[in-house]
Amino acid sequence: MTTASAHGLPDQVPAVVDSTTAPGLSVALTFDDGPHPVHTPRLLSVLRAHEVTAVFCLWGAHVLRHPDVVRRIVADGHVLGNHGMHHDDMSGWSADRVRADLVATSSAISAAVPGTPVPYFRAPYGNWGRTPGVARELGMVPLGWRLSVEDWVPPGADELLRRLEDGVDPGAVVLLHDAGGDRSQTVDAVEQLIPRLRSQGWEFTLPDVR
């Protein structure tokens with residue numbers, strides 16, 4: 001398992017959240033780098049069929065290209081996160097530069113879905129630098145993860161499913177991707193994962209917002 005809070009954090013920064021809001025067998029699914037015109041709608045159909053709410057951490061430039069997909073994400077009841085305008089590594093940036101990027105991304109999201117809250121921020125690559133403090137100042141919770149299955153290097157849906165089932169632990173925030181490449185294997189794995197975990201008593205919830 002990978003803990004995002006271990007990556008690129010200077011001393012004395014606001015905590016990066018990597019746990020769910022619920023006790024027991026709970027897990028939060030989060031998806032980065034979207035929206036994508038093909039993979040995101042297919043993933044949304046899977047989540048709707050299984051009545052699962054997830055967090056979508058949106059890449060600002062992709063939001064500008066596909067605002068209709070953002071509207072569908074929100075219409076389906078999912079929660080949004082800010083993932084930066086161009087997926088840059090911000091770990092060495094000044095607070096002012098970070099703030100400008102996060103504000104631009106949130107503005108792009110707001111143009112697509114006016115009035116929709118964006119409660120989370122996730123640093124691209126999990127490289128945090130000064131971003132947690134700036135995100136908190138802007139009203140967003142820095143969102144990490146406790147499980148990453150490296151779906152950006154597609155190993156096959158069966159292998160992704162195995163990694164997810166073997167790696168998930170109670171209260172985990174799980175990092176997955178719905179864009180940034182061919183994410184068909186991720187969608188296939190999620191489609192199988194949800195009923196398997198549910199049959200074992202797991203619940204799907206959201207990350208903490210404290």
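The values are calculated or read from the model by the stated rules, or taken from the named source; none is laboratory data. Since this is a predicted model, take the numbers as computed values, not measurements. Quick reminder, even Gly has a Cβ in these numbers, built from the backbone with ideal geometry, and neighbours come from all protein chains shown.
From the list Asp151, Asp158, Asp169, pick out the single residue that is out of contact with any Cys (no Cβ under 6 Å at 6 or more places or on another chain), within 26 Å of Met90 (Cβ to Cβ) and charged (D, E, K, R). Asp151 is the lone residue from the list that is out of contact with any Cys (no Cβ under 6 Å at 6 or more places or on another chain), within 26 Å of Met90 (Cβ to Cβ) and charged (D, E, K, R). The set of residues from region 179-196 being of a type in the set (A, V, I, L, M, F, W, C) and either at pLDDT below 95 or farther than 13 Å from Val149 by Cβ (or both) comprises Ala179, Val187, Ile194. If the condition is being farther than 13 Å from Cys57 by Cα and in contact with a strand residue (DSSP E or B) (Cβ under 6 Å, 6 or more places away or on another chain), then region 117-151 contributes Pro132, Ala135, Arg146, Leu147, Ser148, Asp151. Residue count for region 161-197, restricted to those that are under 22 Å from Asp208 (Cα atoms), touching a residue at least 40 places away in the same chain (Cβ under 8 Å) and of a type in the set (A, V, I, L, M, F, W, C): 9.
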